[in-house]
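The values are calculated or read from the model by the stated rules, or taken from the named source; none is laboratory data. The shown structure was predicted, so the numbers you read here are calculated from the model rather than taken from an experiment. Glycine gets a Cβ as well: all are built from the backbone with ideal geometry, and neighbour counts include every protein chain shown. SASA here: full protein model, heavy atoms, side chains in, ligands and nucleic acids out. Shrake-Rupley method; radii C 1.70, N 1.55, O 1.52, S 1.80 Å.
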Amino acid sequence: MSLLQIGILGSGKGSNCRAILERVRKGQLAVDVRLVLSDVFDAGILELAREFGVPNAYLPPGPFRTRLTPESEMALVQMLHEAHVELVVLAGFMRILKAPMLEAFPKRIINIHPSLLPKFPGLEAWKQALLAGEKVTGCTVHLVDASIDGGDIIDQRGVPILPNDSAESLHARIQIAEHEIYPEAISRFVVRGNK
Ligand code: GRF
């Protein structure tokens, strides 16, 4: 069985990317991480890719804040195709993907979101849960489609909200769960994808 070839996209520090790369290094996740890409020039996730010896690149996003230009998105598709990427893993990628990516990788783009979807889609979902007075929130791995955080759910894990939680302490607890369920979800995808 050949390894599933994945590409990871992120805009931030890349702790989910680290969790994936560490599992791969330990032989616990049978994927080939072909490429790490970021729309942020000095993102921690690119530094992390260099630390792990994974090919990486900065993708100039263009002038819009929440999406790529069509040209930039087409360049992204080309980079992923040239790297023979089969599954695109979003790990804190802060731009909404549009038709070029969705059509190039149908049901082959996954994301991790810091809430129990369909509750609290959108930005800073842990703060939304805290403000709403929830007792439990969590994280969700889902397929990416044209909706905002609305694609088919692959896996979820609940995380308690404690009485003295700040936004930061809650997000940190959610991230511990993210680092467990994202590699696990990808490994299940490997089995499905190679059937
Ligand atoms: C995570 O909380 C994830 O749920 C959200 O973006 C954050 C990325 O964190 N989509 P990191 O860069 O993986 O540390």
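Some observations on this one:
- Where a residue in region 40-51 is without any contact (Cβ under 8 Å) to a residue 40 or more places away in the chain and its partner, wherever it lies, is among the charged types (D, E, K, R) and part of a loop (DSSP other than H, G, I, E, B), with Cβ under 6 Å and at least six apart: Gly44/Lys13
- Single match in Gly133, Gly158 (criterion: away from the ligand (no atom under 14 Å from the Cβ), of a type outside the set (Ser, Thr, Tyr), surrounded by fewer than 18 Cβ atoms within 10 Å (Cβ to Cβ) and free of Cβ contacts under 8 Å to residues at least 12 places away in the same chain): Gly133
- Unmet requirement for Glu47, which otherwise passes all of (1) within 14 Å of the ligand (Cβ to nearest atom); (2) surrounded by 16 or more Cβ atoms within 10 Å (Cβ to Cβ); (3) among the acidic types (Asp, Glu): (2)
- Only a single item in (1) within 16 Å of the chain's Cα centre (by Cα); (2) over 21 Å from Arg188 (Cβ atoms); (3) open to solvent by less than 60 Å² (accessible area, probe 1.4 Å); (4) not charged (D, E, K, R) is not met by Phe120, and it is number (1).
- Test: residue in region 144-157 that is over 16 Å from the mean Cα position of the chain (by Cα), outside any loop (DSSP other than H, G, I, E, B) and not hydrophobic (A, V, I, L, M, F, W, C): no
- Matching residues in region 180-195 - criterion: being within 14 Å of the ligand (Cβ to nearest atom) and surrounded by fewer than 18 Cβ atoms within 10 Å (Cβ to Cβ): Glu180
- When residues of region 1-11 are limited to those that are open to solvent by 30 Å² or more (accessible area, probe 1.4 Å) and in a loop (DSSP other than H, G, I, E, B), the one nearest to the ligand (Cβ to nearest atom): Leu3
- Counting residues in region 52-72 that are surrounded by fewer than 14 Cβ atoms within 10 Å (Cβ to Cβ), touching a residue at least 12 places away in the same chain (Cβ under 8 Å) and β-branched (Val, Ile, Thr) gives one or more.
- In the set Gly151, Gly138, only one residue is surrounded by 16 or more Cβ atoms within 10 Å (Cβ to Cβ) and more than 12 Å from the ligand (Cβ to nearest atom); that residue is Gly151.
- Region 24-39, subset touching a residue at least 12 places away in the same chain (Cβ under 8 Å) and open to solvent by 60 Å² or more (accessible area, probe 1.4 Å), residue nearest to Gly7 (Cα to Cα): Arg34
- Checked against (1) under 16 Å from the mean Cα position of the chain (by Cα); (2) away from the ligand (no atom under 16 Å from the Cβ), Pro163 passes all but a single condition, namely (1).
- Ala30 within 11 Å of the ligand (Cβ to nearest atom) and among the small types (Gly, Ala, Ser): no
- Complete set of residues in region 73-85 that are over 13 Å from Ile8 (Cβ atoms) and open to solvent by 10 Å² or more (accessible area, probe 1.4 Å): Met74, Ala75, Val77, Gln78, His81, Glu82, His84
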